[in-house]
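Data first, discussion second: the structure below is written as structure tokens.
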Amino acid sequence: MKVSLFITCVSDIIFADVGKNTVEILERVGCEVDFPAAQTCCGQPAYNSGYLQEAKKSMKQMMRAFKDSKYVVGPSGSCVGMLKEYPAVFKGDPEWEEAANDLANKSFEITQFLVDVLGVTDLGSTFKGKVTYHPSCHMTRVLGVKDAPQTLLNNVKGVDFVELPVKEDCCGFGGTFAVKNPAISGEMVKEKSQHVSETNAEYLVGGDMGCLMNIGGRMRREGKNVKVVHITEILNTQEKGGGIA
Amino acid sequence: MSVKIGDVSYKDRIDKGIENEFMRQAVSSAQGRFRTGRLSQAEELGNWEDWRQLGSEIRTHTLENIDYYLQQLSDQVARRGGNVFFAETAEEANDYIENVVKKKQAKKVVKSKSMVTEEIGLNHCLENIGAEVVESDLGEWILQLDEDPPSHIVTPALHKNKEQIRETFAQKRGYDKSDDPEELAAFAREQLRKDFLSADIGITGCNFAIAESGAITLVTNEGNARMATALPDTQITVMGMERIVPTWEDMEVLVSLLTRAAVGQKLTSYVTSYTGARLEDEIDGPDDYHLVIVDNGRSKILGTEFQSALHCIRCAACINVCPVYRHVGGHAYNSIYPGPIGAVLTPLLDGYEDHKELPYASSLCAACTEACPVKIPLHEQLIRHREIIVEQEKKSPVAEKVMMKGFAKWASNPAAYKLSTKMARTALKPWTRDGNIENGPGPLKGWTDVRDFPAPPKQSFRTWWSNRQKEGKA
């Protein structure tokens, strides 16, 4: 099966390992992965800030980049969720409506793709450690992916899983919200960090690097040594204990 | 009061809210209770998503035919001996009610909880013409004694604790007992009973006006609405024009959603329905009945992308799940309608000028949208507000505009974008220490005030990918 990686700009620039792990997982389950180099950002920073015209320029670039892809798979519930909004954004636009529908229909978040499209629930991974999971807001409430990440995590050998208290609460990232309303965002991430501490987990796992960068950045500031890892890192670990490189 | 509460700046309001540990503790624990209650009641009812869908359909249908249903309601109320007044503005509503008070030479008005009368500033108007106005909802009464605005649309005194309430009662009413909630409530009950018995006029809000019968339904846990509608000879109901349902059956659906979503109860202690004035062959009811239907900007929302905001049944479920509200409290919104629904409604009812920050006071986490029992896409409406602020109102900051123009150029130019993925590490190097940035420049500053920012890795994904392609895969 041919799959195009949608790496997301955050991982493209900062979290190279998330891209690598996503590629390796897809190949392990038999996909042929390509990386359309013309991809940029899904447009969410502009779209969520009310800059619709600016967002559309970014979105059009994404539609051009993935024009020939059969499946588009990305390691982020939020960024893939944004692609799913394209049809609403370009509704009635004679030039782009069809491309928007096409991209939205063929795009999937990585765990969603594994579980719902490929029917893979066990990657034969092993990861030793006490792990908690933050279900990011856009993954669960915008994209509607609630069970897939947990299903995959449950089948990783060696994971000592502990539930995150009030896990559905936002971490305070919210893209431009974190810089536009830093005081409120700061209080939200402090609370999330506190909840992570309550679990005594060694690893905080999530499916969106934006949120993990926020929570991880706060925990580092507080001197906590909880390791923050994207779910693909856990799923792509076969024998040893994990941790971000 | 009106929609807007005061003149304190947005930043100061936020800081004040965040510094108020005490209020935040109270809000946080209340949110916890409301959330648990709502979820368990939704589960017990079963098929919650179907109920939400039904609720949403009833609201959509009603708003799409609101002219018809308002006419029907008006005819039914008139047929039952009531007077109906359509007020286009807050002033028209207040003037009409003032005239009723004057004509009755009323000295005392007893009220049950009503957001729309807060919105139009009714109490102030009536006090100006010499009437004594008594709020009979416990929370509202506490706030009235303390001259404090509401911070929540269902539990208006949520930001106060029992010690503060005891203090208010002691200072304003000579209360000398403990801060035990039962003793406090007993005192309020005793005080308010005198007011119910001596009031000339009862004024209530309206949860649901039932078009087919002209009945007004009020939902309370204290029974105060029943007292306010049973005792005074003159009754006035003030309703926002959208608070209407076609039939009793529709009301039953919405009331089932309301009490569960609002307070996690299958039903509140009192659901009161009443119609018009006492007719000739009846023994109960007021001598004189008035229904004041308030537009005050609502009809301008009809037919716009914000129409579904008028679905709101004022349950506050969105407020009760909102993490922003939890940390800043209701007063930070500077509107009698706080939280996510407040951030959507306030600019619509009172303009963008004084409320342009509200649509951004959200991480767009969508917890509000998920909680709403009538399916208002609240977080999406906040984005629509932001689009209007940027593109029509032109109220977004210059630096942000420049940044977004830059974003559009960057994200629509693959070569420039690709270069930035390669250069990011070098560009951020001056601020990087131990793989992280602790004091970021420019737009990163807000971020690094509270958390670290990771530096880009030595090898970018794209370098890894192209090396791998050259090697014919690892």
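Every read-out reported here was derived from the displayed coordinates using simple, explicitly stated rules and does not represent laboratory data. All values reported here derive from a predicted model rather than from experimental measurement. So basically every Cβ, Gly included, is an ideal-geometry build from the backbone, and we count neighbours across all protein chains shown.
One chain, two ends: B:GLU64 and B:LYS107. Fully extended at 0.36 nm per residue, the span grows by 11.4 nm beyond their Cα-Cα distance. Using only alpha carbons, the range B:364-474 has a radius of gyration to Kirkwood radius ratio (Rg to Rh) of 1.09. For the range A:8-86, the set of trypsin sites (Lys or Arg not before Pro) satisfying both a DSSP loop assignment and a count of at most 15 other C-beta atoms within 10 Å is given as A:LYS67, A:LYS70. Two numbers describe the Cα atoms of the range A:1-103: Rg and Dmax, which are 13.6, 40 Å.
Taken along the Cα-to-beta-carbon direction at a fixed 7 Å, the label points for B:TRP248 and B:GLN53 span 2.8 nm.
Of the trypsin sites (Lys or Arg not before Pro) found in the range B:99-172, the ones in coil according to DSSP and having at most 14 other Cβ atoms within 10 Å of their Cβ are B:LYS107.
Mind checking the range B:237-337 for trypsin sites (Lys or Arg not before Pro) that DSSP puts in a loop (not H, G, I, E or B) and that have at most 13 other Cβ atoms within 10 Å?
Working: sites: B:ARG243, B:ARG260, B:LYS266, B:ARG278, B:ARG298, B:LYS300, B:ARG314, B:ARG326; in loops: B:ARG243, B:LYS266, B:ARG278, B:ARG298, B:LYS300, B:ARG314.
Here the sparse-neighbourhood loop sites are B:LYS266, B:LYS300.
Treating the beta-carbon of each Lys and Arg as +1 and of each Asp and Glu as -1, no other charges, what is the dipole magnitude of the protein assembly as shown about its Cα centre, to the nearest 20 debye? Kindly include the intermediate steps, with their values, before the conclusion.
Values: 85 positive and 98 negative charges, 708 e Å.
So the magnitude is around 3400 debye.
Take every Cα-Cα pair in the range B:196-355 and report what % of them are more than 20 Å apart. When all Cα pairs of the range B:196-355 are counted, 58 percent exceed 20 Å. Projecting the Cα positions of B:TYR68, B:ILE283, B:LEU310 onto the charge dipole of chain B (unit charges on Cβ atoms of Lys, Arg, Asp and Glu, taken about the Cα centre) puts B:LEU310 furthest along the positive direction.
Explain nothing, just the number: relative contact order of chain B, from Cα pairs under 8 Å at least 6 residues apart, as a whole percent. Mind showing how you got there, number by number?
Values: 768 pairs, mean separation 93.4, N = 474.
Answer for chain B is 20 percent.
Residues of chain A were split at every exposed loop site, defined as GluC sites (Glu not before Pro) in a DSSP loop with at most 11 other C-beta atoms within 10 angstrom, and the longest piece left, sites excluded, is A:1-94. Charges were assigned to the Cβ only: +1 to each Lys and Arg, -1 to each Asp and Glu. The resulting dipole of the range B:260-413 about its Cα centre is roughly 1060 debye. When +1 charges are put on Lys and Arg Cβ atoms and -1 charges on Asp and Glu Cβ atoms, the dipole computed for the range A:2-117 relative to its Cα centre reaches about 120 debye.
Centre-to-centre, using Cα atoms only, the range A:180-202 and the range B:1-27 are separated by 21 Å. Other residues lying with their Cβ under 11 Å from the Cβ of B:ARG24 contribute a combined charge of -3, Lys and Arg counting +1, Asp and Glu -1. Here the Karplus curve 6.51 cos²θ - 1.76 cosθ + 1.60, taken at θ = phi - 60°, turns the phi angles of the range B:305-317 into couplings of 5, 9, 3, 5, 4, 7, 5, 3, 10, 6, 8, 6, 4 Hz, with x standing for Gly and Pro. Note on the range A:126-235: dipole from Cβ charges, positive end direction compared against A:CYS171, A:HIS138, A:VAL229; the farthest Cα belongs to A:VAL229. Between the C-alpha center of the range B:391-432 and that of the range B:157-173 there is a gap of 51 Å.
Counting Lys and Arg as +1 and Asp and Glu as -1 over every other residue whose Cβ lies under 12 Å from the Cβ of A:SER69, the net charge comes to +1.
Residues in the range B:1-34, backbone N under 20 Å from the label point at B:GLU393 (7 Å along the Cα-to-beta-carbon vector): list them, ranges by number please. Label zone hits: B:2-15. Each 20 Å bin from 0 upward holds the following percent of the Cα-Cα pairs of the protein assembly as shown: 17, 46, 27, 9, 0. Cα centroid separation, the range A:20-93 to the range A:148-174: 24 Å. For the range B:10-294, a/c is not less than 1.5, where a ≥ b ≥ c are the root eigenvalues of the C-alpha gyration tensor, and a/b does not top b/c. That puts it in the oblate class. Sites counted here are GluC sites (Glu not before Pro) in a DSSP loop (not H, G, I, E or B) having no more than 12 other Cβ atoms within 10 Å; the longest part of chain B that contains none of them is B:1-146. Across the range A:122-137, computed HN-Hα scalar couplings (Karplus, 6.51 cos²θ - 1.76 cosθ + 1.60, θ = phi - 60°) run 9, 9, x, 8, 10, 8, 9, x, 8, 10, 10, 10, 9, x, 5, 4 Hz from first to last residue, x flagging Gly and Pro. For the range B:1-154, the relative contact order works out to 24 percent when only alpha carbon pairs closer than 8 Å and six or more residues apart are counted.
Sum up the charges of everything whose Cβ sits under 13 Å from the Cβ of B:SER256, counting Lys and Arg as +1 and Asp and Glu as -1, but leave B:SER256 out.
On the way: positive: B:ARG38, B:ARG52, B:ARG260, B:LYS266; negative: B:GLU44, B:ASP50, B:GLU249, B:ASP250, B:GLU252.
Result for the neighbourhood of B:SER256: -1.
Take every Cα pair under 8 Å in the range B:412-470 that's 6+ residues apart, average their separations, divide by the length, and report that relative contact order as a whole percent.
Values: 41 pairs, mean separation 17.0, N = 59.
Dividing the mean separation by the residue count of the range B:412-470 yields 29 percent.
What the phi angles of the range A:94-104 give under the Karplus curve with 6.51, -1.76 and 1.60, with θ = phi - 60°, is a coupling list of x, 7, 10, 4, 5, 5, 5, 4, 4, 5, 4 Hz, glycine and proline written as x. Structure note, pairs B:LYS300/B:LYS401; A:LYS20/A:LYS146; B:LYS418/B:LYS458; A:LYS190/B:LYS445: Cα-Cα distances above 19 angstrom occur for B:LYS300/B:LYS401; A:LYS20/A:LYS146.
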